[in-house]
Amino acid sequence: MLQLFGENLESLSLVEGALALNVAINPSIQKQWVDTKLQEMCVEAEQVLAHELNDEQRLERLLQLFYVEWGYQGDIYTYFNSENAFIDHVIDTKKGIPVTLGALFLYLCNYVNLPVSAINFPTQLVLRVDWPNQETRYINPFDGQYIGEHLMTAWLIGYGGPLAKILPVHLESIDNVTLIGRLLAVIKTACIREKKFAFALICSDLALTMVPDDPFEIRDRGLIYQQLHCNEVAKSDLEYFIEQCPNDPSVLLVKEQVQLLLQQHPTVLH
């Protein structure tokens with residue numbers, strides 16, 4: 001599964017890649033149901049937009065359809081719930097986070113041939129609209145509203161400190177592989193927070209297929225193994241991180257965890 005997922009990732013759309021990731025983490029997801037729902041959404045969107053006079057009006061109508069008539073919206077109450085990063089859950093509840101809502105909206109835009117893409121913004125997924133001979137516009141997929149660089153700068157300041165500012169690279173297109181990597185990190189963090197350590201371990205193994213031997217990912221995997229009481233493999237991962245990143249600020253904490261593992265009886269991983 002991990003090898004197949006890695007081979008197909010670059011050829012998939014964002015929503016297809018997200019769904020493949022979701023299934024790799026949780027094989028019980030009903031992928032066929034999701035595929036059917038996506039096709040139904042595309043067909044309905046195409047029929048609704050057929051009456052619009054130009055592409056600008058078609059985009060406005062699609063925003064109205066997706067966020068108002070269908071009722072998709074950002075989950076403001078349980079934003080960090082891991083389920084918000086799973087496409088089947090978002091389609092079922094019509095609530096999600098920017099990356100999953102944006103993935104669905106981008107899928108529709110691509111189907112009806114509208115010039116909407118994702119950009120390399122650090123804080124969350126932001127969509128870019130490129131009309132010929134017009135100023136570029138940006139959409140927040142969390143609520144479907146247009147946003148300006150003033151608000152985006154405020155997001156950056158909250159994320160990176162008072163000196164943060166928008167750089168040209170932040171407004172450039174981003175590839176789906178990178179976005180899937182970001183989504184994977186979101187799911188892993190959420191699963192750890194929710195103590196879903198078996199799922200978190202799958203996330204870590206998937207991440208290591210994308211960035212093999214990354215010491216920080218191996219450190220995180222070691223901490224997950226520790227929570228699963230797989231002490232020997234946890235110790236091995238944590239010691240690898242200490243060896244590779246001796247000056248990292250987290251090393252002292254990691255060394256403490258290794259000492260705790262040394263005091264415990266080893267557990268065999270089955």
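With the dipole of region 1-97 worked out from charges on the C-beta (+1 for Lys and Arg, -1 for Asp and Glu) around the Cα centre, which of GLY96, ALA45, GLN57 lies farthest toward the positive end? Checked the options; the winner is GLY96.
Charged side chains reduced to their Cβ positions (Lys and Arg at +1, Asp and Glu at -1) give the chain a dipole of some 640 debye around its Cα centre. Comparing GLY181, GLY96, GLY161 in a Gaussian network model of the chain, where Cα atoms under 10 Å apart are tied by springs, the biggest mean-square fluctuation is seen for GLY161.
Report the percentage of all Cα-Cα pairs in the chain whose separation exceeds 30 Å, rounded to a whole percent. Percentage above 30 Å: 37. In region 14-170, the portion of solvent-accessible area held by carbon and sulfur atoms comes to 50 percent [1.4 Å probe, whole percent, DNA, RNA and ligands not counted].
Counting only residues at least eight positions apart within a chain, or on another chain, the lysines with an alpha carbon under 25 Å from that of LYS37 are LYS94, LYS95. Round to a whole angstrom and tell me the spacing of the C-alpha centers of region 70-137 and region 29-48. With region 70-137 and region 29-48 each reduced to a Cα centre, they are spaced 16 Å. Let's test the formula: R0 of 30 Å, r as the Cβ-Cβ distance of GLN259 and THR209. What FRET efficiency results, to the nearest 0.05? About 0.45, to the nearest 0.05.
What's the extension gain from CYS42 to ALA198 if we count 0.36 nm per residue and subtract their Cα-Cα distance? Each step should come with its number before you reach the end.
Working: separation 156, 0.36 × 156 = 56.16 nm, distance 3.46 nm.
Result: 52.7 nm gained on full extension.
Fully extending the segment from GLU232 to LEU163, taken as 0.36 nm per residue of separation minus the present Cα-Cα distance, adds 20.5 nm. Per residue, the accessible area of the chain comes to 53 Å², computed with a 1.4 Å probe over protein heavy atoms only.
Taking the Cα centre of region 112-240 as reference, the dipole from Cβ charges on Lys and Arg (+1) and Asp and Glu (-1) amounts to some 340 debye. For the pair TYR79 and ASN110, label points projected 7 Å from Cα toward Cβ lie 2.7 nm apart.
Rg/Rh for region 14-170 stands at 0.97; both radii use Cα atoms, and Rh follows the Kirkwood definition.
The values are calculated or read from the model by the stated rules, or taken from the named source; none is laboratory data. Please read all numbers here as calculations on a predicted model, not as lab measurements. Cβ: placed from backbone, ideal geometry, glycine included. Neighbour counts: every protein chain shown. To get the accessible areas, we keep the full protein, side chains included, count just its heavy atoms, and leave off ligands, DNA and RNA. Shrake-Rupley method; radii C 1.70, N 1.55, O 1.52, S 1.80 Å.
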